[in-house]
Amino acid sequence: MDFMEAIEDYQVGADIAALLMVKDAMKIDFYRKVPAEGRPEQFVALACLGLLTGRLRTIKYRLNDGKVRGESNIQGNDEDLRMFYRDFAGPYRDWFGVDVTIENYPEHRAEMADYFGYSIRDADLAYKRINTGAAGRAIEIQERIVEQHWADMSKALEYAFKRVDLSRSPREVTRYINQAARSEYYRIQTKGMRRVRRGGETIHVDPTFSSEVEHTILGDYVPGRYRRLSVRQRKLFDQIAEEVKVDMRKYDGKDYAVDKEGMYILNNRKMAARIGIHEASLSRALKFMRKC
């Protein structure tokens with residue numbers, strides 16, 4: 001069964017074969033292998049992995065135990081690594097001032113063989129084992145990350161599978177699935193979150209109430225400011241604070257705006273309606289309170 005047939009089976013009877021084909025393809029090491037022509041599920045898998053870029057792109061750094069005098073980001077068997085730098089890369093650097101790492105070893109291998117002779121085969125073997133071990137661990141981490149996020153990813157793919165027009169070419173079907181799944185995955189990830197502007201860009205935040213009611217009402221907290229309010233200002237502040245505390249206990253933020261730090265702050269229009277005054281009057285009163 002090919003991928004297009006599997007999607008058709010999903011549309012007809014919710015068969016999950018198409019989902020499993022994508023999940024299996026997400027185990028491919030696309031850092032070392034490009035998607036195969038005629039295997040659209042691999043292109044879909046690559047796009048899905050792209051949605052996890054922030055998590056997957058750290059793989060090679062998680063494998064890094066720290067750079068030591070040009071040591072590689074890719075770590076293999078510890079003894080192989082120590083031997084490679086102690087017996088080959090280290091002496092070669094001391095003699096010729098050239099830093100050889102696991103990544104650039106193939107570039108320098110011929111020149112190094114002239115000086116190390118037959119023993120260069122030990123460096124070759126270490127190089128091979130280091131790269132093989134690193135690749136295996138990278139894929140292991142990749143699979144673990146995919147598994148952790150598969151529940152949401154599979155929902156996004158199902159959303160796309162249900163809507164794709166299979167009368168289109170495989171390339172068009174693949175493009176649609178990638179676009180639809182990306183949009184739905186973002187929607188799932190940001191559900192319940194708010195969009196705010198920060199540093200000239202729009203980001204999503206998971207809003208929360210500040211521990212200081214004053215921050216929610218006035219947008220920040222200034223020690224001693226409440227004591228400086230007039231009797232009339234304090235009465236209005238306390239009235240608003242009671243409403244805010246009710247919402248905080250219920251963790252109900254639907255009537256609030258969100259600041260750039262992800263904190264709920266007063267929506268003047270909605271709060272004015274709740275306490276029975278004009279929005280303009282409330283906005284003006286809060287402006288004067290902030291100056292206290």
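Taken over the range 173-219, the criterion of being in contact with a helix residue (DSSP H, G or I) (Cβ under 6 Å, 6 or more places away or on another chain) and free of Cβ contacts under 8 Å to residues at least 40 places away in the same chain is satisfied by A180, E184, I188, V213. I need every pair where a residue in the range 91-114 that is open to solvent by 40 Å² or more (accessible area, probe 1.4 Å) has its Cβ under 8 Å from the Cβ of a residue that is among the β-branched types (V, I, T), sequence separation at least 6 or different chains. Correct list of pairs: R93/V100; E103/I74; H108/V98; H108/V100; R109/I120.
There is no residue in the range 60-67 that is loosely packed, with under 14 Cβ neighbours inside 10 Å and modelled with pLDDT of 65 or more. In the set A6, A45, A18, only one residue is under 23 Å from the mean Cα position of the chain (by Cα) and open to solvent by less than 10 Å² (accessible area, probe 1.4 Å); that residue is A45.
Name every residue in the range 226-245 that is more than 23 Å from V196 (Cα to Cα) and within 34 Å of the chain's Cα centre (by Cα), in order of residue number.
Of the residues in the range 226-245, the ones more than 23 Å from V196 (Cα to Cα) are 226-243, 245.
Passing the criteria: only K245.
Please indicate, with yes or no, whether at least one residue in the range 247-260 is open to solvent by 60 Å² or more (accessible area, probe 1.4 Å), at pLDDT below 95 and touching a strand residue (DSSP E or B) at 6+ places or on another chain (Cβ under 8 Å). Yes: one or more hits. Against the conditions (1) in contact with a helix residue (DSSP H, G or I) (Cβ under 9 Å, 6 or more places away or on another chain); (2) part of a helix (DSSP H, G or I), V222 satisfies every one except (2).
Can you work out which of the residues in the range 21-37 that are modelled with pLDDT of 80 or more and open to solvent by 70 Å² or more (accessible area, probe 1.4 Å) is farthest from the chain's Cα centre (by Cα)? Give the derivation first.
To start, the set of residues in the range 21-37 that are modelled with pLDDT of 80 or more comprises 21-28.
Next, only the ones that are open to solvent by 70 Å² or more (accessible area, probe 1.4 Å) stay: 24, 27.
Numbers: D24: 21, K27: 18 Å.
Among those residues, the one meeting the criterion is D24.
Annotation for the range 272-287: at least one member residue is open to solvent by less than 60 Å² (accessible area, probe 1.4 Å), within 39 Å of the chain's Cα centre (by Cα), closer than 19 Å to Q233 by Cα and among the small types (G, A, S).
Only residues that are in contact with a Leu (Cβ under 6 Å, 6 or more places away or on another chain) and part of a loop (DSSP other than H, G, I, E, B) were counted across the range 249-292, and they come to 1.
When you check V222 against the structure, is it at pLDDT 90 or above, open to solvent by less than 70 Å² (accessible area, probe 1.4 Å) and among the β-branched types (V, I, T), yes or no? Criteria met by V222. Selection over the range 176-216 of residues that are within 27 Å of R249 (Cα to Cα), surrounded by 14 or more Cβ atoms within 10 Å (Cβ to Cβ) and of a type in the set (G, A, S) gives a count of 1. If the condition is being of a type in the set (V, I, T) and more than 19 Å from V196 (Cβ to Cβ), then the range 260-279 contributes I275, I277. Across the range 160-201, the number of residues qualifying as charged (D, E, K, R) and assigned to a helix (DSSP H, G or I) comes to 8.
The values are calculated or read from the model by the stated rules, or taken from the named source; none is laboratory data. Since this is a predicted model, take the numbers as computed values, not measurements. Here the Cβ is made from the backbone with ideal geometry for all residues, glycine too, and neighbour counts use every protein chain on show. Side chains are part of the model used for accessible areas, which takes the heavy atoms of the whole protein and leaves out ligands, DNA and RNA. Shrake-Rupley method; radii C 1.70, N 1.55, O 1.52, S 1.80 Å.
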